[in-house]
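Right, one structure below, let's go through it.
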Amino acid sequence: MNKRTGANSVRFCTMTQPRPLLTFHLRSGFKCGKLITVFHQSDVIKLTLKPNTLAIALYAVIFDEVPSTRASELAQELLKTQESTMIDSIISDIDFEIATPAQCVKDIHDCRASEQELRNYLARLSTELKALRHV
């Protein structure tokens, strides 16, 4: 109960951009796990648990053997179903993963397609999302 108003109330807020679900600090020496982004700040590592945007991008193609052929169709679907801030995160995370591979994307959902085919799909998806946003 709120002592000032005397009412039972719950406040909701609308989040316009993905916010970390969990943030905590550890001294260096911790190996990061799945879904955790690591940021170095002097001798402290800040770990932030956030939505796995690569998992969102790969979900629709788990059973496809050649997902890159569907990149345009799925880019349009993502633009219809996701907020613009999530699209920004998806594009940014795909571009980062393509430029500096940090994980086996095939293992995110145990996809049928090869690792190289999934990376081709992600690159095309990012390109399609960027192009469709400026139409």
Hits in the range 84-125 (condition: under 11 Å from Leu54 (Cα atoms) and polar (S, T, N, Q)): Ser89, Ser92, Gln103
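Out of the range 92-106, which residues are under 16 Å from Phe63 (Cα atoms), surrounded by 18 or more Cβ atoms within 10 Å (Cβ to Cβ) and among the charged types (D, E, K, R)?
Listed by number, the list is empty, since nothing qualifies.
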Of the residues in the range 60-79, those that are surrounded by 20 or more Cβ atoms within 10 Å (Cβ to Cβ) and either among the charged types (D, E, K, R) or in contact with a Lys or Arg (Cβ under 8 Å, 6 or more places away or on another chain) (or both) come to Val61, Ala71
Residues to consider are Ile90, Ile98; find the one that is of a type in the set (Val, Ile, Thr), assigned to a helix (DSSP H, G or I) and farther than 16 Å from Leu132 by Cα. Ile98
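What do you reckon, is Phe24 surrounded by fewer than 16 Cβ atoms within 10 Å (Cβ to Cβ), modelled with pLDDT under 90 and in a loop (DSSP other than H, G, I, E, B)? Full working, then the answer.
Details: surrounded by fewer than 16 Cβ atoms within 10 Å (Cβ to Cβ): yes; modelled with pLDDT under 90: yes; in a loop (DSSP other than H, G, I, E, B): no.
For Phe24, the condition - surrounded by fewer than 16 Cβ atoms within 10 Å (Cβ to Cβ), modelled with pLDDT under 90 and in a loop (DSSP other than H, G, I, E, B) - is not met.
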Search the range 107-131 for residues being at pLDDT below 95 and assigned to a helix (DSSP H, G or I), and hand back the single one that is surrounded by the most Cβ atoms within 10 Å (Cβ to Cβ). Ile108
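The values are calculated or read from the model by the stated rules, or taken from the named source; none is laboratory data. Everything numeric in this text was worked out from a predicted model, so none of it was measured. Glycine gets a Cβ as well: all are built from the backbone with ideal geometry, and neighbour counts include every protein chain shown.
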